[in-house]
Amino acid sequence: MKKILIASAFVLTASGAFAQSATESTGVNSALGVAPKTEDFILQASASDMFEIESSKLALQKGDEPTKAFAQQMITGHEKTTAELKALLTSGKVQGNPVTALTEDHKEEVDELAKLDGAEFNEEYIDDQVEAHEDAVDLFKRYAEEGENADLKAWAAKTLPALEHHYKMAQDLDK
């Protein structure tokens, strides 16, 4: 039995899945407005950045001009937040590990996007961006208000306005 558990843990780690608390992964914390644990916040924030960057790189190749302009802003913005989060982790002020590969769900979303072209691509990419930024705004807002690490809490609060702006931009493109 022990070998099966160890093998299962390895498969989950190798597949890019990440372990977060049940209340965070099921959306209970979000529904109740409860701040995520620091480890959950780091995992979700880094996974979100990675998805934003990878899907937006695809949009630079396949999108129309407004979509490409938005995608470039997403790449620039999310590479910046990725670097800032890594700097906090490297400084030792925050303990945790960011994801290093797309989650399975994000990989599936990017793979589905890659199959689309033209207006279908633009529509799906923007829909994904609206949803991803809605989730990111919620995550960062909850941590900024009640997070457990003061440095990470301050960074979440500082980053939140940019994410809210990205969310508004995505919504405007979705009209």
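The values are calculated or read from the model by the stated rules, or taken from the named source; none is laboratory data. Worth saying up front: this structure is predicted, and the values here are computed from it rather than measured. A quick note on method: Cβ atoms are made from the backbone with ideal geometry, for glycine too, and the neighbour counts reach across all protein chains shown.
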Exactly one of A87, A83, A69 is assigned to a helix (DSSP H, G or I), more than 15 Å from the chain's Cα centre (by Cα) and over 23 Å from Q171 (Cα atoms), and that one is A87
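Table: residues versus (1) of a type in the set (F, W, Y); (2) more than 16 Å from G118 (Cβ to Cβ); (3) surrounded by fewer than 19 Cβ atoms within 10 Å (Cβ to Cβ); (4) modelled with pLDDT under 95.
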position	(1), (2), (3), (4)
N29	no, yes, no, yes
G33	no, yes, yes, yes
A45	no, yes, no, no
S56	no, yes, no, no
Q61	no, no, yes, no
T67	no, no, no, no
A71	no, no, no, no
If we keep just the residues of region 90-136 that are surrounded by 15 or more Cβ atoms within 10 Å (Cβ to Cβ) and β-branched (V, I, T), which is farthest from the chain's Cα centre (by Cα)? V94
The lone condition D174 fails out of (1) more than 27 Å from P66 (Cα to Cα); (2) at pLDDT below 95; (3) not hydroxyl-bearing (S, T, Y) is (1)
Single residue of V99, V137, V110 found to be of a type in the set (A, V, I, L, M, F, W, C), over 22 Å from K175 (Cβ atoms) and at pLDDT 95 or above: V110
Quick one: would you say A119 is part of a helix (DSSP H, G or I) and farther than 24 Å from L152 by Cβ? yes
What pairs can you find where one residue is in region 114-143 and closer than 17 Å to D49 by Cβ, the other is charged (D, E, K, R) and not in a helix (DSSP H, G or I), and their Cβ atoms are less than 8 Å apart, with a gap of 6+ or different chains? V130/D174
